[in-house]
Amino acid sequence: MADREAVEQEERTSLAEELGVRIYIMGKEYRVPAGLTIMKAMEYAGYKFIRGAGCRAGFCGACGTVYRKEGEYKLRFAVACQKLVEDGMFLVQLPFAPAPRVSYDLEKLRPTENVLLKLYPELARCVACNTCTKACPQEIPVMDYIQAALRGDIKRVAELSFDCIQCGLCSMRCPADIKHYHVAQLARRLYGRYLAPKAEHLAQRVAEIEAGRFDEELDRLTRMGKEELSKLYEARQIEEGVGV
Amino acid sequence: MRIAYYPGCSLKALAANFDRSARAAMGALGVELVELERWNCCGTVSSLTTDDLMRQLAPVRNLIRAQEAGERRLVTACAMCYNTLKRAALRVEAHPEELAKINAFLDEEPDYRGGVRVLHLLELLRDEVGFEAVAKRVVRPLEGLRVAPYYGCLLLRPRGVGLDDPENPSILEELVRALGAEPVDSPLKGQCCGSYHTVAHKEVVARRAHKILSEAASRGAEALISSCPLCSFNLDNRQRLIRELDGSFAPLPVLYFTELMALAFGLEEALSPEGHYVDPRPFLEERQLLRR
């Protein structure tokens, strides 16, 4: 009897070691293996995502999430498909950030000083608390681009917000109810449409292609057999000084 | 002299002519305005509630930016930014318990330790550059030009923040004289322009601006100078509505004091029609103060 208890105890210990990470999902304790992302850990625990999950590669922003850790007063922020679970994490998954985008026709807008304020007037409610910046899993200086938006500096908004994946955590936390990521997207669109320097070499190349400069070469390639193509491929010049 | 400069949002957008002329005119006096690398809105439209610490985050954050840059002084041209930043600076120094709370909230920033002095360009001109030096730099004296200084609220109130006697200020008059022009006094020079009522109550503000402008004009003013983008908007752009209300009203150009300086210093390029509803150039050309 004593032996059996010892074996069971040992099994429990080894399982606990194997499932080394203790997490809480919506208040309930689970043990999961180390090395899982928040998303995978929740799936391991039996949850199935039909919303609030997307590319699973850290790009789409669908799985923005919040968590706290034992003994910490601060809320932390991450994309669930990227952040690895740690012992003592309190988890939940946010299916969606409700922040409606204003409807506009980019062709009818102009990159004026007050276009962002006109479409998103709540911008003026910013008190520079910086809560948005603290919420950004991409480490974007969100408050700084909102401040740039306030003073009509569209270029700066576009540059500072470039890495935004539109997870919406900034807008969920903002005490002024600003829709940061929509403002930033509008600024990037305005920048791309009206302010960014035109790529002249691209227009030139398109004109060359349209004028048929490469037609002959393309015809030659499409007529080639596999062997001849392989030979050509092997002998291609990549870059001066770089061996194939 | 190099001094840390806080332009503020308006000077980056609708009052870009204020920023341009301020940099040009101060540059001509050997003062380089060095814009803070990073800054946010001063936090204006201050709350009238007593529990408004959240509203002090923006100005204090700007003071931290100055502290970070190793600056003990921060100069502004905009009267609104000046008022907001200076009020916050004085307030947190007088109330360390409020500063402690603000610093605790701004936990991602270094603590604000106090000691950054907020200055207005006019104070810098009066107290450090000196109006004599201003007069010496004048290449085109504005002889015979009758200019009404307009202070509004923000340069004068509240006590301790105001940069001159709130009842009888003279700093703009001294500047006007140094530039060779003639100051025109008006009893309404320190009255409110109507401020943000211009958004919801245009007519109230237009009537008020009408009074301020007409009083100055009746005393012979040919132009009015201000140091605030909002006052300037109300006194200048609202002249369209004033004309609708009073067909006999004659337009009066409204300039930033830095534009008047640029004009007297021969920096004409700093005086553009942008930023003005009443274009001041035709009138200045007529007075042969600006080349056609």
Response to the item:
The set of cysteines in chain B having no other cysteine's C-beta under 4.7 Å reads B:C9, B:C41, B:C153, B:C192
Discussion item. Please report the antiparallel percentage of DSSP beta bridges with both residues in the range A:18-91, rounded to the nearest 5.
Written reply: 80
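Rounding to the nearest 20 debye, state how big the charge dipole of the range A:18-91 is about its Cα centre with +1 on each Lys and Arg Cβ and -1 on each Asp and Glu Cβ.
240
Give me A:D3, B:D279, B:D236 ranked fewest to most by other Cβ atoms within 10 Å of their Cβ, as a rough exposure proxy.
Working: A:D3 7, B:D279 13, B:D236 23.
Arranged by neighbour count, lowest to highest, A:D3, B:D279, B:D236 become A:D3, B:D279, B:D236.
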Fill in: Estimated [θ] at 222 nm from DSSP helical runs (n ≥ 4, -39500 (n - 2.57)) normalised by residues in chain A, nearest 500
-11000 deg cm²/dmol
Practice prompt. May I ask you to list the GluC sites (Glu not before Pro) in the range A:146-244 that are in a DSSP loop and have at most 16 other Cβ atoms within 10 Å of their Cβ?
Written response: A:E239, A:E240
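For the range A:57-194, what number results from the quotient of the Cα radius of gyration and 2.2 N^0.38 Å? Please list the in-between numbers first.
On the way: Rg = 15.6 Å, N = 138, 2.2 N^0.38 = 14.3 Å.
For the range A:57-194, the normalised Cα radius of gyration is 1.09.
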Discussion item. So if a site counts as exposed when it's one of the GluC sites (Glu not before Pro), its DSSP state isn't H, G, I, E or B, and it has at most 13 other Cβ atoms within 10 Å, what's the longest stretch of chain B without one?
Written reply: B:168-273
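Can you give the average number of partner chain beta-carbon atoms within 10 Å of each beta-carbon in peptide A:125-132, as a whole number?
If you average over the peptide's residues, the count of other-chain Cβ atoms is 6.
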Discussion item. Neighbour counts of other C-beta atoms within 10 Å: give me A:L150, B:L175 arranged from fewest to most.
Written reply: A:L150, B:L175
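About its Cα centre, how strong a charge dipole does chain A have in debye, to the nearest 20, once Lys and Arg get +1 and Asp and Glu get -1 at the Cβ? Provide the component values of the computation, followed by the final result.
On the way: 36 positive and 35 negative charges, 263 e Å.
Charge dipole, chain A, about its Cα centre: 1260 debye, nearest 20.
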Practice prompt. Find, among the trypsin sites (Lys or Arg not before Pro) in the range A:23-54, those assigned to loop by DSSP (not H, G, I, E, B) with at most 10 other beta-carbon atoms within 10 angstrom.
Written response: A:K48
Worksheet item: Once the Cα atoms of helix A:2-18 and of chain A are each reduced to a long axis, what angle between those two axes, in degrees from 0 to 90 to the nearest 10, is obtained?
Response: 20
Discussion item. Distance between the C-alpha centers of the range B:83-129 and the range A:100-145? Whole Å please.
Written reply: 27
Item to complete: Working from Cα positions, state the angle (0 to 90°, nearest 10) between the long axis of helix A:200-210 and the longest principal axis of chain A.
Response: 70
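Which value in deg cm²/dmol, rounded to the nearest 500, describes the helix-derived mean residue ellipticity at 222 nm for chain B, given -39,500 (n - 2.57) per DSSP H run of n ≥ 4 and division by the residue count? Intermediate results must be reported in sequence, preceding the final value.
Working: 14 runs with 120 residues, N = 292.
Here the helix-only value at 222 nm equals -11500 deg cm²/dmol.
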Discussion item. List the trypsin sites (Lys or Arg not before Pro) within the range A:70-135 that DSSP assigns to loop and that have no more than 15 neighbouring Cβ atoms inside 10 Å.
Written reply: A:K74, A:R101
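Determine the dipole magnitude for the protein assembly as shown: charges of +1 sit on the beta-carbon of Lys and Arg, -1 on that of Asp and Glu, nothing else is charged, the reference point is the Cα centre, and the result goes in debye to the nearest 20.
The dipole of the protein assembly as shown has a size of about 1280 debye.
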Fill in: the protein assembly as shown: projected area of the alpha-carbon convex hull, averaged over directions, in nm²
40.8
Worksheet entry | Ascending count of other beta-carbon atoms within 10 Å, so fewest first, for B:S195, B:S227 | B:S195, B:S227
Discussion item. What does the net charge come to around B:L213 if you take all other residues with beta carbon closer than 13 Å to its beta carbon, with K and R at +1 and D and E at -1?
Written reply: +4
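Just so you know, all these numbers are worked out from the coordinates, no wet-lab data involved. Computed from a predicted structure; not experimentally measured. FYI the Cβ positions are ideal-geometry reconstructions off the backbone, even for glycines, and counts take in every protein chain you see.
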